[in-house]
Amino acid sequence: MPAGSDNYPEAVEELIAAFRRLPGVGRRSAERMALGLLKFPPEELELFGSAIADLPQHISHCPICGNITDSSEACWICSSPRRDDSMICVVEDFTRISGIEKSGGYHGLYHVLGGRISPLDDESEESLRIESLAARLQSGKVKELILALGGDVESRATALYLARMFEHKVEKITRLAQGLPAGGDLAYADSATILAALNGRNAL
């Protein structure tokens, strides 16, 4: 292999390609992680690989909200008697829940859509967990639906679609307000920003 070349052995290139599939990871970051693993002792590499390989066996999705859980039963949020069941915060995927929880300003329930309406990505309303959300609203317990979706065009269109669909199912439909920049991703916002957006939410 020529000096200074980025052409690594095939196994390393495959590992770099795997890391690049993670959100926000570019070529150089993936290279650093892959080459960093090569410094691990073999037994630590085996533990690292086992932790990844065991994920499908140990992690599932909550049958109620869609959040990740370590069992086939309801997640810790849905099963907690301390949560306010009159509020459901709708998010695009489970990665958004952690940021909202860290803000400490929300104590209701969640619902993971599993994406957003995006024809270019072959994601329609049928591919999202909208029917299960509608079923949760049938009980009449939910008074407020908070649409904590992203700020891009597809996310805003999804929020409007949900607002129109459920406008007669709950007393109030709101969305996050101040603090989140236009087009910003909730998954990367800090807890203070999310708290400000929660406290300043407005009617949709």
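A few points about this structure:
- Yes/no for Leu133 being aliphatic (A, V, I, L, M), under 25 Å from Ser60 (Cβ atoms), touching a His at 6+ places or on another chain (Cβ under 6 Å) and buried (at least 17 other Cβ atoms within 10 Å of the Cβ): yes
- Restricting attention to segment 29-47, the residues that are closer than 16 Å to Ala11 by Cα and either of a type in the set (A, V, I, L, M, F, W, C) or within 21 Å of the chain's Cα centre (by Cα) (or both) total 8.
- Residue match in segment 89-99 (condition: surrounded by fewer than 19 Cβ atoms within 10 Å (Cβ to Cβ) and assigned to a helix (DSSP H, G or I)): yes
- Filter result (part of a helix (DSSP H, G or I) and open to solvent by less than 50 Å² (accessible area, probe 1.4 Å)) within segment 102-130: Ser103, Ile130
- Search result, residues across segment 69-85 that are surrounded by 15 or more Cβ atoms within 10 Å (Cβ to Cβ) and either more than 20 Å from the chain's Cα centre (by Cα) or touching a residue at least 24 places away in the same chain (Cβ under 8 Å) (or both): Ile77, Cys78, Arg83, Asp85
- Count - residues of segment 143-159 that are assigned to a loop (DSSP other than H, G, I, E, B) and either open to solvent by less than 10 Å² (accessible area, probe 1.4 Å) or touching a Pro at 6+ places or on another chain (Cβ under 9 Å) (or both): 2
- Leu180 being open to solvent by less than 60 Å² (accessible area, probe 1.4 Å), within 18 Å of the chain's Cα centre (by Cα), of a type outside the set (Gly, Ala, Ser) and at pLDDT below 85: yes
The values are calculated or read from the model by the stated rules, or taken from the named source; none is laboratory data. Predicted model only: the values in this text are computed from it and were never measured. Backbone-built Cβ (ideal geometry, glycine too); neighbour counts: all protein chains shown. Quick note on the areas: whole protein, heavy atoms, side chains included, nothing else; ligands and nucleic acids left out. Shrake-Rupley method; radii C 1.70, N 1.55, O 1.52, S 1.80 Å.
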